[in-house]
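See below for the structure under consideration.
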Amino acid sequence: MKIFYKKDGGIVQLIDKEKMKEWPIELPLIFIEYVRNNQLKSYDDPKIKKEIEKYLDEVLTDVAIPGLIEVLDGENFEEINKALVRIDELAKKTPDMVKPIKPFVEKLINKNIKEVNSLSNSIIASFNKAERKKELAEKRKVMQEKEKSFLAGNLSGEEYAKARKEYLVLKE
Amino acid sequence: MIIVAIKTESKKWDIKEAKKLFQEYLEKGIKEEKKETKLPENTVKIDDLNRKQTLGRIYKLTDSIIEMIYKNGRPSIKLPSRTSGNIIWDEENDLLLLGQQIMEKQFHSLGSVADITRLMKVLEKVNELLLKDMHATKREIFYSAVQLFGDQKNSDKCIEDVATMLYTTRNSTHIVASAKGSCIGRLRIRDRNDIIDLEGLGSGGWTITPMLDNVEILESDAEFILVLEKDAAMIRLSEARFWRKYPCIILTAKGAADIATRMFLRRISKELKLPVFTLVDSDPYGHYIHSVYLRGSKRLSYESPFLATPDIKLLGVLTRDLEKYKIPNDCRIPMNQTDIKRTKEMLSEDFVKKNKAWETDLKLALNLKMKAEIQALSTFGFEFLTDQYIPEKLSTGDWI
């Protein structure tokens, strides 16, 4: 077990990532999601929260993603399908978590299997949607700044209108 | 007149002695994590095997029988004797183990022909279970050949013989006992592909599965484990959500300790490196239950290294507690002849003689000729067990 020490002398123990390498491929992701959604908030100590977040990231990059890539890169379509179902769910909920496998999913779009195809498209759509959301959030921030500048008289009406137009196009 | 029961906010104890013990166990556990238990040379070594390995042992055994048939036409099976004379207490590891006395069962002897036929039937069933990757209960094995076994006692004995014959644990043969124990508290596990939160299963907790090969510990922030003899005590602690105030994992086998509960306790205490406390009735049977968790039973001594949890502390109810907590006389029960006999038997065990505090407490029980159940503590109120008795003991280090 991996031990994390709390300031008050207590501990949190999490299963060692080496053991997870023997798990079914979708399980490490489920584990990461479970700890993030259910357990993290119960640890009062911010230091331990940070350390556990870091450990979960390690599990993701060292165990979960390589496991999925191995399956997606293989020829066993039953396993690929199972993995894609799981990735699809995660891509809808937490796209950043599974983003590293995007190139491997993109490769699968060209495969001639209906289910694999539709799942891959759905995953890519989730990734794109998430990217657009992120871009929009960034633009919104810039727009707010520009609005402030415009009201303060530091930005011309023409420049403001141009920025506003770009923002609305992206929002559409 | 209206009587109102007012529930007051209970005090939170600083369980400093239990915390001290937790730090000791954690340090010791980290140091010993990679160290293997070395058993004395004059004892039988048993391995916990996976499905493939157990099948390998079955094939090796059947090959040797076939070889004997070809050689002289008189095959036999050799297995470690499980008689009390072959049970050794390993003082260093504090375990009851099987010595190296071997017995031989002849296929051609009238005295052992029935026994060996039953044994082969069980071996055949074990082989089938392993090949299909399934588990069966002892009762199912009995019903697989009722006429041959006659009584479940016979099939149960053969199941243990088969495990000994293959030099493995009973769990490795995929024959399991029915689920009996339950566990609750600060622990998250995986049972095949399901993540189970033992804090979120209502007041009943998680039923300890006998198929422990499917179970893995995922996460815990517990600092000790509390083993209860009785389900009634479990209900009390569960209703009080005891583990929220005092970070722990609570389990019970609802009476005598079954294999799955013992095995699970060993697993969680070893993997999580946590101290374990038992809370049993203050009577010889309660002390015996504690001893079985601690160093194994004589009947299953060949499996002790996989079932026993050495260094468990007996938290209560101690005989000296009857006076200390002034348990009223009408809540105490006079010992009968069987209790006295059992207490004397316990006192004659080497492992009790070596533990002076335990010996003193049993001698006090013999002097007082009194016993008491855990429930006797509720004479001071239903909350006394959870708000005073257990926390106070954990805080002062009042255990054996």
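Of everything in the stretch B:234-245 that's free of Cβ contacts under 8 Å to residues at least 60 places away in the same chain and not small (Gly, Ala, Ser), which residue is nearest to the other protein chains (Cβ to nearest Cβ)? Give the steps one after another, and end with the answer.
Of the residues in the stretch B:234-245, the ones free of Cβ contacts under 8 Å to residues at least 60 places away in the same chain are B:234-235, B:238-239, B:241, B:243-244.
Within this subset, residues satisfying the condition of being not small (Gly, Ala, Ser) are B:234-235, B:239, B:241, B:243-244.
Details: B:MET234: 23, B:ILE235: 24, B:GLU239: 21, B:ARG241: 14, B:TRP243: 12, B:ARG244: 10 Å.
Filtering first and then ranking leaves B:ARG244.
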Pull out all pairs, ordered by first then second residue, where Cβ-Cβ is under 6 Å, the residues are six or more apart or on different chains, the first lies in the stretch B:72-95 and is farther than 14 Å from B:SER297 by Cβ and in the same structural domain as B:CYS158 (by TED's automatic domain parsing), and the second is in a loop (DSSP other than H, G, I, E, B) and at pLDDT below 80. B:ASN93/B:THR37
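Residue-wise test of (1) buried (at least 22 other Cβ atoms within 10 Å of the Cβ); (2) over 25 Å from B:ILE46 (Cα atoms).
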position: B:ALA177; (1), (2): no, no
position: B:SER182; (1), (2): yes, yes
position: B:THR207; (1), (2): no, yes
position: B:ASP213; (1), (2): no, no
position: B:GLU216; (1), (2): no, no
position: B:LEU228; (1), (2): yes, yes
position: B:THR252; (1), (2): yes, yes
position: B:SER269; (1), (2): yes, no
Among the residues of the stretch A:125-135, which ones are over 14 Å from A:PRO100 (Cβ atoms) and surrounded by 14 or more Cβ atoms within 10 Å (Cβ to Cβ)? A:SER126
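For the stretch A:78-98, check the following and say yes or no: at least one residue is over 24 Å from A:ILE30 (Cβ atoms) and either of a type in the set (D, E, K, R) or loosely packed, with under 14 Cβ neighbours inside 10 Å (or both). Show your work before the answer.
Kept after step one, since they are over 24 Å from A:ILE30 (Cβ atoms), are these residues of the stretch A:78-98: none.
Checked the stretch A:78-98: no residue is over 24 Å from A:ILE30 (Cβ atoms) and either of a type in the set (D, E, K, R) or loosely packed, with under 14 Cβ neighbours inside 10 Å (or both).
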Could you list all residues from the stretch B:131-160 that are surrounded by 14 or more Cβ atoms within 10 Å (Cβ to Cβ) and among the hydroxyl-bearing types (Ser, Thr, Tyr)? B:THR137, B:SER144, B:SER155
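Keeping to the stretch B:12-50, report how many residues are charged (D, E, K, R) and surrounded by 16 or more Cβ atoms within 10 Å (Cβ to Cβ).
So in the stretch B:12-50, the residues charged (D, E, K, R) come out as B:12, B:14, B:16-17, B:19-20, B:24, B:27-28, B:31-36, B:38, B:41, B:45, B:47-48.
Among the residues that remain, those that are also surrounded by 16 or more Cβ atoms within 10 Å (Cβ to Cβ) are: B:19.
Adding up the residues that qualify gives 1.
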Hand me the list of strands (runs of 3 or more DSSP E) wholly inside the stretch B:1-99 holding 3 or more residues that are modelled with pLDDT under 85 and either of a type in the set (Val, Ile, Thr) or touching a Ser or Thr at 6+ places or on another chain (Cβ under 6 Å) (or both). B:95-98
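Inspect the stretch A:75-87 for any residue being farther than 18 Å from B:GLU219 by Cβ, aromatic (Phe, Trp, Tyr) and not in a loop (DSSP other than H, G, I, E, B) and give the result as yes or no. Spell out the reasoning first.
Within the stretch A:75-87, the first condition is being farther than 18 Å from B:GLU219 by Cβ, and the residues that meet it are A:75-87.
Of the ones still in play, those that are also aromatic (Phe, Trp, Tyr) are A:77.
In the following step, the residues that additionally are not in a loop (DSSP other than H, G, I, E, B) were identified as A:77.
Checking the stretch A:75-87: at least one residue is farther than 18 Å from B:GLU219 by Cβ, aromatic (Phe, Trp, Tyr) and not in a loop (DSSP other than H, G, I, E, B).
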Inside the stretch B:271-288, can you point out the residues that are within 25 Å of B:GLY85 (Cβ to Cβ) and crowded, with 23+ Cβ neighbours inside 10 Å? B:PRO284, B:HIS287
Those residues that are assigned to a loop (DSSP other than H, G, I, E, B) and within 7 Å of chain B (Cβ to nearest Cβ), I need them from the stretch A:4-22; list them, please. A:GLY9, A:GLY10, A:ILE15
Counting only residues in the stretch B:246-299 that are within 14 Å of chain A (Cβ to nearest Cβ) and in a loop (DSSP other than H, G, I, E, B), the one farthest from B:PRO334 (Cα to Cα) is identified as B:LYS273
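Hey, does the stretch B:302-319 have a residue that's within 14 Å of chain A (Cβ to nearest Cβ) and either outside any strand (DSSP E or B) or free of Cβ contacts under 8 Å to residues at least 12 places away in the same chain (or both)?
Kept after step one, since they are within 14 Å of chain A (Cβ to nearest Cβ), are these residues of the stretch B:302-319: none.
The answer is no; no qualifying residue exists.
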Can you tell me which condition B:GLY202 does not meet? The list is (1) more than 14 Å from chain A (Cβ to nearest Cβ); (2) touching a residue at least 12 places away in the same chain (Cβ under 8 Å), and all the others hold. (2)
B:ARG192 meets each of (1) touching a Leu at 6+ places or on another chain (Cβ under 6 Å); (2) within 14 Å of chain A (Cβ to nearest Cβ); (3) over 24 Å from A:LEU40 (Cβ atoms) with one exception, condition (1)
Reported set for the stretch B:329-344 where residues are out of contact with any Ser or Thr (no Cβ under 6 Å at 6 or more places or on another chain) and touching a residue at least 24 places away in the same chain (Cβ under 8 Å) is B:ARG332, B:ILE333, B:PRO334, B:MET335, B:ASP339, B:ILE340, B:ARG342, B:THR343
Using beta carbons and a limit of 7 Å, which pairs, at least six apart or on different chains, have the first residue in the stretch A:23-38 and within 7 Å of chain B (Cβ to nearest Cβ) and the second one assigned to a loop (DSSP other than H, G, I, E, B)? A:PRO24/B:ASN193; A:LEU27/B:ASN193
Run down A:ASP45, A:ASP73 and say which single residue is more than 11 Å from chain B (Cβ to nearest Cβ) and among the acidic types (Asp, Glu). A:ASP73
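The values are calculated or read from the model by the stated rules, or taken from the named source; none is laboratory data. This structure is a prediction, so every number in the text was calculated from the model and none was measured. Positions of Cβ are generated from backbone atoms using ideal geometry, with glycine treated the same way; all protein chains shown enter the neighbour counts.
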